[in-house]
Amino acid sequence: MRSRRGSALIAIILACGACVTGAATESLPLTAARADVGRERINIDKDWRFAYGHAYDAQKDFRYGTRPFFFAKAGYGDGPASADFSDSAWRKVDLPHDWAVELPFDARADANHGSLAIGRNFPENSVGWYRKVLHIPAADRGRRIALEFDGVYRNSVVWVNGHYIGTEPSGYSGFRYDITDYLNFGGANIIAVRADATMEEGWFYEGAGIYRHVWLTKTAPLHIAQWGTFVKPKVEGELARVGMDVVVANDGKSAQSFTLRQQVFAPDGRLVAQTEQASLSVGTARDGEFSSSLTVPNPRLWSLDDPSLYTLKTSLLQENKVVDSYDTRFGIRTVVFDQNQGFFLNGKPLKLQGTNNHQDHAGVGVALPDGLQTWRLKQLKSFGVNAYRASHHPPTPELLDEADRLGMLVIDEHRMMGTAPEIRGQLERQIRRDRNHPSVIIWSVGNEEWALEWNALGAHLAREMHEQVERLDPTRRTMVATSGSGKGVSLGADVIGFNYGAQHDVDQFHRDHPAKPALMSEEGSTFATRGVYFDEPTRSHLNAYDRQGRPGNSLSIEEGWHRVQARDWMAGMFVWTGFDYRGETTPFGWPAISSQFGMVDTTGVFKDTAYYLKSVWTREPMVHILPHWNWDGREGQPIKVHVYSNAEAVELFLNGRSLGLKALPKDGHLEWTVPYKAGKVTATAYRSGKSVARDEVTTTGTVSRILLSADKAALKADGTDIAVVWVNVADAAGRIVPTAGDQIDFEASGPIRIIGVGNGDPSSHEPDHPADRHAFHPLSGWRTLAVDGPDHPAAHAETVDTSGWRDPGVWLAPENQPAATSHVVLRGQFAGPAMAPNDRAALFIDQLGADQAVYVNGRAVSATQVEGGLMVALEAAQLKQENSLAYVVATPEGGVQGMLDRSAGTSKWGVLRVISPAAPWRRRVFNGWAQVIVQSTGEAGEAALVARSNGLSASTVRFQLR
Ligand code: GAL
């Protein structure tokens with residue numbers, strides 16, 4: 001956001017009822033065209049190049065920051081930041097991309113972050129470079145062009161055409177750079193991004209790299225600012241008064257006057273209200289803020305069951321032409337946090353049935369395709385979740401889009417507490433970005449700030465943040481989540497979020513602060529390994545019966561819900577957590593690699609507590625039995641059988657024999673102790689004496705086949721759409737074997753690719769996302785010799801003493817240059833890399849002259865043209881401990897000096913790349929389950945995923961890509 005608002009022209013347009021539908025139709029036809037004009041927002045996720053740099057060794061960081069005057073002179077970006085740098089040897093990647101999930105597990109890594117080899121101990125894995133070529137047409141001259149990053153983890157530095165553009169420390173904040181002034185119109189432009197994930201921001205897996213979308217936005221100089229609209233609908237009886245703020249930026253060279261048109265379209269696309277104000281103006285290099293309002297009669301309210309979305313189209317017109325047009329989706333709904341009666345949506349009381357979630361998923365880390373955001377929210381909704389706390393940072397924008405579309409309430413949380421300018425800037429961007437989402441019900445300004453929870457500074461900072469939020473969004477309240485109530489931060493925001501009932505005297509707090517609404521922002525933190533019913537600490541596996549994780553500090557899920565249900569004033573409960581996430585391996589350290597707090601595992605398979613929540617959070621009849629019934633070796637031993645149901649009573653049977661009918665306690669569960677005997681346990685659930693639901697667990701046979709099932713068979717051939725495929729191992733009768741751990745190989749064919757595999761085992765060290773690893777070995781020791789022909793032995797001798805040759809990096813005045821000869825030889829060296837049997841080596845060289853000859857260790861080699869350069873494939877056997885590369889080229893005009901690649905040291909003249917190929921896509925099922933995520937490659941046609949395993953019959957799932 002620009003900070004020029006002080007002198008901005010503020011125009012208040014108050015549209016009266018007559019300006020609205022009906023009366024307004026005379027002057028402004030309601031059939032106004034909707035096509036966007038003037039603005040383009042182009043997704044630029046495809047075709048980036050990626051390579052690991054280094055956190056402190058400049059040589060391994062492609063000599064970034066080593067050129068004299070590198071940061072002292074504008075446009076002196078060096079290494080990959082230079083426009084001249086050749087990245088043809090780098091890996092191609094599409095965004096979103098998380099390089100951390102591609103790394104191996106390592107005991108020296110941080111267990112809180114998932115024990116992947118990144119961070120302080122792994123400088124070679126902690127910096128990632130991204131580069132992309134952008135072609136900007138000449139016809140764009142005169143427009144404003146900006147890069148918009150939704151999130152880069154973290155500490156990103158962006159360069160365009162060798163010019164420094166900016167640094168964003170936060171891995172969770174969206175940021176925008178107007179790069180118009182640096183662009184080659186009608187030519188290529190190089191964007192380089194260096195991300196440094198050495199340091200943490202949170203205490204959970206955070207990923208690494210450009211893991212959210214990147215956009216190129218083109219507008220007229222006069223345009224609506226980024227996140228420049230704020231829609232503030234207010235329900236008043238039968239109508240909604242829709243307040244609208246818009247920020248108009250003028251990047252032109254003169255003051256601009258324009259007409260502002262605002263149109264509201266109903267969920268069915270009908271234009272239902274509009275207003276137009278002419279003769280507004282904004283000075284040059286200014287932002288103008290304009291406020292107006294419209295009335296929408298009989299609004300269709302946004303709710304969980306009917307998440308209806310309206311669209312505000314904001315257009316700027318000059319000389320009757322639309323110069324910018326911008327759509328804002330919004331919902332009309334009311335949200336109230338009441339200190340005595342809890343939460344209300346549209347005037348109706350609603351208990352928040354929430355889960356906390358971090359943003360990683362099995363297989364893909366934090367680089368979630370949009371379709372996976374949808375899938376995850378649906379998975380949560382399927383057991384009755386109606387609210388999502390984005391703990392502990394602003395979520396990806398597409399998650400909020402989906403929450404709007406699906407009907408899911410969101411606590412939108414800021415990452416770092418504070419009021420320093422940088423933190424304020426991040427908070428402001430978060431609120432401007434997210435304040436039009438009807439799903440967002442509250443802003444959380446902090447979570448468990450141990451240095452602030454108890455003191456006056458905590459209360460002060462929370463208050464200050466609250467006030468900042470209120471200035472940016474007076475329509476919502478603020479919250480702070482705390483482990484210590486009564487003092488400090490807990491007093492600063494509107495609403496208190498209690499983390500863990502057992503840590504607070506919530507009733508005392510309520511008596512002491514009767515005006516403060518409250519919710520359980522975290523409850524549970526129970527430990528449960530999916531499909532495990534007896535602890536096995538050596539495998540970091542804990543039984544999945546619901547119980548207190550840390551007695552005295554937290555409650556079981558069921559106890560937590562009872563407490564919330566018993567208090568009308570408590571707005572609801574957010575379970576810690578919905579999904580398991582990498583890192584925070586409590587109560588284990590290494591070799592555990594993920595948390596076990598979730599109601600579902602990292603792939604989304606339900607644990608039994610998800611069924612408990614389903615039984616208390618949904619009405620559709622259901623019954624669920626735990627554990628499974630494969631207890632070979634425990635014959636006759638007592639097994640605890642628990643049953644969850646939302647019916648009134650349940651009867652349990654073992655092999656057809658009734659074990660009794662029991663009435664369900666309110667919000668509770670049922671228990672039987674059953675001596676194990678192979679066969680079948682059945683539960684029949686009754687309402688009003690009628691059987692309404694049934695579940696059974698059966699002793700299975702041995703594993704015999706693989707079952708694949710996808711969430712959909714038809715995918716969009718758009719290069720982004722995904723399908724989530726369940727992988728199960730079953731017996732001959734097709735029953736999933738709940739103890740199976742078979743290893744399965746996956747192969748995709750046709751226009752899909754596999755983008756991740758997982759199985760929810762919190763101690764599996766199998767790769768989720770195997771990837772090629774590129775190692776670069778730079779060439780050095782360049783020396784040059786003037787020779788009188790292309791066949792000079794100085795070029796093709798295997799070894800040559802170059803001590804008398806010239807160092808091309810040492811500048812010589814023209815008069816001191818050696819006498820011109822027809823050719824020059826350039827020789828450099830490289831050390832032989834350590835190579836594993838499957839590794840592949842290749843030299844990347846440059847075209848230094850028209851008829852160049854190139855020799856490796858004295859052998860002439862021919863190069864193939866690859867995108868952006870020339871490549872020489874090398875056999876490992878060709879390589880020695882010390883190797884030489886020699887070019888012979890016709891002496892260029894101006895001498896050798898003109899050939900010197902100043903931008904990137906010597907990297908452009910040659911770099912040796914060694915690829916260690918990715919491990920194959922393969923995964924063990926964990927207790928019968930694994931998951932594969934496949935994605936469209938962009939082409940249409942038929943695709944298939946095949947799963948094979950030794951001794952099991954294979955399985956194929958097919959997709960149509962259209
Ligand atoms: C809370 C914290 C969460 C998570 C949880 C684990 O104190 O807010 O982020 O760490 O504990 O039990």
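About the Cα centre of the chain, what is the dipole size in debye to 20, counting +1 per Lys and Arg Cβ and -1 per Asp and Glu Cβ, all else neutral? Don't skip to the answer; put the middle values down first.
On the way: 99 positive and 110 negative charges, 301 e Å.
So the magnitude is around 1440 debye.
Heads up, I need the accessible area for GLU536: 1.4 angstrom probe, whole protein in place, Å², nearest 10.
Rounded to the nearest 10, that gives 80 Å².
Before I look further, what does the chain give for accessible area per residue, probe 1.4 Å, in whole square angstrom? Can you show the working numbers first?
Values: 36810 Å² over 962 residues.
Result: 38 Å² of accessible area for each residue.
Which angle from 0 to 90°, rounded to the nearest 10, does the C-alpha axis of helix 370-381 make with the longest principal axis of the chain?
For 370-381 against the chain, the angle is about 20 degrees.
Please report, in debye to the nearest 20, how large the charge dipole of the stretch 541-686 is about its Cα centre when each Lys and Arg carries +1 at its beta carbon and each Asp and Glu carries -1 there. Kindly include the intermediate steps, with their values, before the conclusion.
On the way: 15 positive and 15 negative charges, 34 e Å.
With only Lys, Arg, Asp and Glu charged at Cβ, the dipole is about 160 debye.
Please give every one of the lysines within straight-line cross-link reach of LYS60, meaning a C-alpha to C-alpha distance under 17 Å, and leave out same-chain neighbours fewer than 8 residues apart.
Leaving aside lysines fewer than 8 places away in the same chain, those within reach of LYS60 are LYS908.
Can you give me the C-alpha center-to-center distance between the stretch 944-959 and the stretch 190-213, rounded to a whole angstrom?
For the stretch 944-959 versus the stretch 190-213, the Cα centre distance is 35 Å.
How many angstrom lie between the C-alpha centres of the stretch 400-475 and the stretch 272-333?
The stretch 400-475 and the stretch 272-333 have Cα centres separated by 25 Å.
For the chain, evaluate the Debye formula with one uniform point scatterer on each Cα (no solvent term) and list log10 I(q)/I(0) at q = 0.06, 0.10 Å⁻¹, rounded to two decimals.
Ignoring solvent entirely, the Cα scatterers give -0.51, -1.25.
Considering only DSSP beta bridges whose two residues both sit in the chain, what percent are antiparallel, to the nearest 5?
Approximately 85 percent, going by the DSSP bridge assignments.
For LYS677, what accessible surface area do you get with a 1.4 Å probe? Give it in Å², rounded to 10.
We get 120 Å² for LYS677.
So how do TRP576, TRP921, TRP375 rank on accessible area, 1.4 Å probe, biggest first, that is with the largest at the start?
Details: TRP576 10, TRP921 55, TRP375 30 Å².
Highest to lowest solvent-accessible surface, that is TRP921, TRP375, TRP576.
Relative contact order, percent, of the chain when contacts are C-alpha pairs under 8 Å separated by at least 6 residues? Can you show the working numbers first?
Working: 2577 pairs, mean separation 98.5, N = 962.
Over the chain, the number comes to 10 percent.
Give me the compactness ratio for the stretch 433-484, meaning the Cα radius of gyration over 2.2 N^0.38 Å. Please list the in-between numbers first.
Values: Rg = 11.9 Å, N = 52, 2.2 N^0.38 = 9.9 Å.
Ratio of Rg to 2.2 N^0.38 Å for the stretch 433-484: 1.20.
For a quick check of understanding: with a 1.4 angstrom probe and all protein chains in place, what accessible area in square angstrom does VAL824 have, to the nearest ten?
It works out to around 10 Å².
Mind giving me the nanometre distance, one decimal, between the label points for ASP57 and ARG120, set 7 Å out from Cα along Cα→Cβ?
Label at ASP57, label at ARG120, 2.0 nm between them.
If the reach is capped at under 16 angstrom between alpha carbons, list the lysines near LYS46, excluding any in the same chain fewer than eight residues apart.
LYS92, LYS132
So how do ASP327, ASP632 rank on accessible area, 1.4 Å probe, biggest first, that is with the largest at the start? Present the calculation step by step, with values, prior to reporting the outcome.
Numbers: ASP327 75, ASP632 140 Å².
Putting ASP327, ASP632 in descending order of accessible area: ASP632, ASP327.
Helix 421-434 versus the longest principal axis of the chain: what angle, 0 to 90°, nearest 10, using Cα atoms?
Helix 421-434 and the main axis of the chain meet at about 60 degrees.
Residue separation times 0.36 nm, minus the C-alpha to C-alpha distance between TRP450 and ASP507: what's the value? Intermediate results must be reported in sequence, preceding the final value.
On the way: separation 57, 0.36 × 57 = 20.52 nm, distance 2.24 nm.
Computed gain between TRP450 and ASP507 is 18.3 nm.
Just how large is the dipole of the stretch 40-219 about the Cα centre, in debye to the nearest 20, putting +1 at every Lys and Arg Cβ and -1 at every Asp and Glu Cβ?
560 debye
I'd like the antiparallel share, as a percent to the nearest 5, of DSSP beta bridges with both residues in the stretch 465-576. Please list the in-between numbers first.
Numbers: 1 of 13 bridges.
The antiparallel fraction comes to roughly 10 percent.
Positive end of the charge dipole of the stretch 40-219 (Lys, Arg +1 and Asp, Glu -1 on Cβ, about the Cα centre): tell me which of GLN59, ILE210, ASN161 has its Cα farthest that way.
ASN161
State the number of lysine pairs found in the stretch 280-409 whose Cα atoms come within less than 21 Å, restricting to pairs 8 or more positions apart or on distinct chains.
Working: LYS313/LYS321; LYS348/LYS381; LYS351/LYS378; LYS351/LYS381.
Value for the stretch 280-409: 4.
Could you state the number of Å between the C-alpha centres of the stretch 488-530 and the stretch 846-878?
Between the Cα centre of the stretch 846-878 and that of the stretch 488-530, the gap is 66 Å.
How would LYS662, LYS607, LYS234 rank on accessible area, largest to smallest, probe 1.4 Å? Intermediate values should be presented prior to the final figure.
Values: LYS662 70, LYS607 5, LYS234 130 Å².
Per-residue accessible area, sorted high to low, gives LYS234, LYS662, LYS607.
Would you mind counting up the charge near ALA820? Only other residues with Cβ under 11 Å from its Cβ, with Lys and Arg at +1 and Asp and Glu at -1. List each step's numbers first, then the result.
Numbers: positive: none; negative: ASP788, GLU893.
Every neighbour counted, the sum reads -2.
What net charge do the residues around LEU406 carry, taking every other residue with its C-beta under 15 Å from that of LEU406, with Lys and Arg at +1 and Asp and Glu at -1? Before the final figure, lay out the partial values.
Working: positive: ARG329, ARG333, ARG376, LYS378, LYS381, ARG405; negative: ASP305, ASP306, ASP370, GLU398, ASP401, GLU402, ASP404, ASP711.
Here the charged neighbours net out to -2.
Sorting check: for 679-686, 251-258, which peptide has the highest mean count of neighbouring beta carbons within 10 Å, and how do the rest follow? All intermediate terms of the calculation are to be shown ahead of the outcome.
Values: 679-686: 20.6, 251-258: 15.6.
Descending mean neighbour count gives 679-686, 251-258.
With n ≥ 4 as the cut-off for DSSP H runs, can you work out [θ] at 222 nm for the chain, using -39500 (n - 2.57) per run divided by the number of residues, rounded to the nearest 500? Let's see the in-between values first.
Values: 8 runs with 83 residues, N = 962.
For the chain, the value works out to -2500 deg cm²/dmol.
Give the lysines whose C-alpha is closer than 22 Å to that of LYS662, dropping any in the same chain fewer than 8 places away, or say none.
The qualifying lysines are LYS614, LYS640, LYS677, LYS680, LYS690.
Applying 1/(1 + (r/R0)^6) with R0 = 56 Å to the Cβ-Cβ distance of ALA714 and PHE71, what FRET efficiency is obtained, to the nearest 0.05?
That gives a FRET efficiency of 0.65.
Determine, for each peptide in 266-278, 426-438, the mean count of other beta carbons within 10 angstrom over its residues, then list the peptides with the highest first. List each step's numbers first, then the result.
Details: 266-278: 17.2, 426-438: 21.8.
Averaged packing, sorted descending, gives the order 426-438, 266-278.
The values are calculated or read from the model by the stated rules, or taken from the named source; none is laboratory data. Remember, predicted model here, so these are calculated numbers, not experimental data. Glycine also receives a Cβ, built like all others from the backbone with ideal geometry; neighbour counts cover every protein chain displayed. Accessible surface areas use protein heavy atoms only, side chains included; no ligands, DNA or RNA. Shrake-Rupley method; radii C 1.70, N 1.55, O 1.52, S 1.80 Å.
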